[in-house]
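The values are calculated or read from the model by the stated rules, or taken from the named source; none is laboratory data. The shown structure was predicted, so the numbers you read here are calculated from the model rather than taken from an experiment. Here Cβ is always computed from backbone atoms with ideal geometry, including for glycine, and neighbour counts include all displayed protein chains.
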Amino acid sequence: MAQHEKLVIVGSGPAGFTAAIYAARAELKPVLFEGTQPGGQLTITSEVENYPGFPDGIVGPQLMELMKKQAERFGTRFESKEITRVDFSKRPFQLWAEAESWTADAVIVSTGASAKWLGLPSEVKYRGRGVSACATCDGFFFKGTEVAVIGGGDTAMEEATFLTKFATKVYVVHRRDQLRASKIMGERALGNPKIEMVLSTVPEEILGDGKAVTGLRVKGAKDGKVRDIPLKGVFMGIGHEPNTAIFKGQLAMNDVGYLQVKTPSTYTSVPGVFAAGDVADPTYRQAVSAAGMGCQAAIDAERWLAEHGK
């Protein structure tokens, strides 16, 4: 028999935990499914300096732990399981974690988005120690240094241009002989004296001294020549992928897979299902904006449930 809940939150992180805090305080007795990465992307972030209320900064995992404790304090129940299938075609909504099943009057989706990585072992080794997928989050730490951005699309150009505020030089490493970015973004990067294009080049290895990044080993895509570029930071600019595979055919999403919400609300294409955080935000992807959406989703869910006598 499926266990019935008034409100189910799928996914943790700033959006899910904030939604849980608001929903629990509204007596909705939410149950939150933490998924395979409890706390989301911030659990692999070392120092968070731009989250309001922490003037000295805070490490990502600690911030997530504090949010979880706050949600727990007001009565949120946590399931350390991953929702693997949903059926939003009828009410109550149905959700499965492998063989176990639940039903819910309302659902908040906060499954986030995952940065695309190269898949190099050295990339994993130095993640948070010079390797990043967010210039807005970490650019400040690279004042007066040289860094690289991997990629040739609009994301890479945005990251590279932003990083010139801090870095003395930004190498843009792209495997093709021309950029994939839109004309305006490409021209802006090409015209920036701090940006050097390293085209027809593939990243081979991120170099480091065991504690932090010291350089990037690259290989020519055409001539096979290998060289080392000394630098302090490597930023992935190859995009993000929203974690929405299980919602395909259930909820409206854009061509990349981000859930579409009816702005200025968190309503998805299915009444009673709401989306918050990076899963519905291809633009900002910040912890504070995700938390804000989590608050909105909980308020939207509370009002919707009240309107439907739940």
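Within segment 76-83, not a single residue is at positive phi and at pLDDT 95 or above. Do we have Glu65 as assigned by TED's automatic domain parsing to the domain that holds Ser289, under 14 Å from Cys137 (Cβ atoms) and surrounded by fewer than 17 Cβ atoms within 10 Å (Cβ to Cβ) here? It is false that Glu65 is assigned by TED's automatic domain parsing to the domain that holds Ser289, under 14 Å from Cys137 (Cβ atoms) and surrounded by fewer than 17 Cβ atoms within 10 Å (Cβ to Cβ). Looking only at residues in segment 68-104 that are polar (S, T, N, Q) and farther than 20 Å from Ser289 by Cα, which one is surrounded by the fewest Cβ atoms within 10 Å (Cβ to Cβ)? Among those that are polar (S, T, N, Q) and farther than 20 Å from Ser289 by Cα, it is Ser89.
Within segment 184-193, at least one residue is farther than 21 Å from Ala133 by Cβ, assigned by TED's automatic domain parsing to the domain that holds Gly224, of a type in the set (Asp, Glu) and assigned to a helix (DSSP H, G or I). I'd like to verify a number: residues in segment 186-202 that are touching a strand residue (DSSP E or B) at 6+ places or on another chain (Cβ under 6 Å) and over 14 Å from Lys165 (Cα atoms), how many? Residues in segment 186-202 being touching a strand residue (DSSP E or B) at 6+ places or on another chain (Cβ under 6 Å) and over 14 Å from Lys165 (Cα atoms): 5 in total. When the residues of segment 141-159 are filtered to those that are part of a loop (DSSP other than H, G, I, E, B) and small (Gly, Ala, Ser), the one that is farthest from Arg180 (Cα to Cα) is Gly144.
The criterion of being in contact (Cβ under 8 Å) with a residue 12 or more places away in the chain, out of contact with any strand residue (DSSP E or B) (no Cβ under 6 Å at 6 or more places or on another chain) and among the small types (Gly, Ala, Ser) does not hold for Gly119. Residue count for segment 51-87, restricted to those that are of a type in the set (Phe, Trp, Tyr), part of a loop (DSSP other than H, G, I, E, B) and more than 18 Å from the chain's Cα centre (by Cα): 2. Per this entry, Pro282 is not counted among residues that are assigned to a loop (DSSP other than H, G, I, E, B) and within 25 Å of Glu302 (Cα to Cα).
When segment 93-116 is filtered for residues that are part of a strand (DSSP E or B) and of a type outside the set (Gly, Ala, Ser), the ones remaining, listed by number, are Phe93, Gln94, Leu95, Trp96, Glu100, Trp102, Thr103, Asp105, Val107, Ile108, Val109.
Taking the criterion of being in a strand (DSSP E or B), touching a residue at least 60 places away in the same chain (Cβ under 8 Å) and of a type in the set (D, E, K, R), the only residue of segment 228-260 that qualifies is Glu241.
What about Val288, is it in the same structural domain as Gly11 (by TED's automatic domain parsing), surrounded by 23 or more Cβ atoms within 10 Å (Cβ to Cβ), modelled with pLDDT of 95 or more and within 23 Å of Glu159 (Cβ to Cβ)? Criteria not met by Val288.
State whether one or more residues within segment 266-284 are touching a helix residue (DSSP H, G or I) at 6+ places or on another chain (Cβ under 7 Å), charged (D, E, K, R) and surrounded by fewer than 21 Cβ atoms within 10 Å (Cβ to Cβ). No, because not a single residue in segment 266-284 is touching a helix residue (DSSP H, G or I) at 6+ places or on another chain (Cβ under 7 Å), charged (D, E, K, R) and surrounded by fewer than 21 Cβ atoms within 10 Å (Cβ to Cβ). The conditions of being surrounded by fewer than 16 Cβ atoms within 10 Å (Cβ to Cβ) and assigned to a loop (DSSP other than H, G, I, E, B) are not met by Pro38. Any idea which residue in segment 215-227 is surrounded by the most Cβ atoms within 10 Å (Cβ to Cβ), counting only those that are under 18 Å from Val170 (Cα atoms) and touching a residue at least 40 places away in the same chain (Cβ under 8 Å)? Restricting to residues being under 18 Å from Val170 (Cα atoms) and touching a residue at least 40 places away in the same chain (Cβ under 8 Å), the top hit is Leu216.
The C-beta contact set for segment 148-164 (first residue outside the structural domain of Met197 (by TED's automatic domain parsing), second residue modelled with pLDDT of 95 or more and surrounded by fewer than 24 Cβ atoms within 10 Å (Cβ to Cβ), distance under 7 angstrom, 6+ apart or interchain) is empty. Residue count for segment 117-138 under the criterion of being of a type in the set (Phe, Trp, Tyr) and assigned to a strand (DSSP E or B): the result is 0. Looking across segment 261-279, just one residue is free of Cβ contacts under 8 Å to residues at least 24 places away in the same chain and within 19 Å of Tyr22 (Cα to Cα), and that is Pro264.
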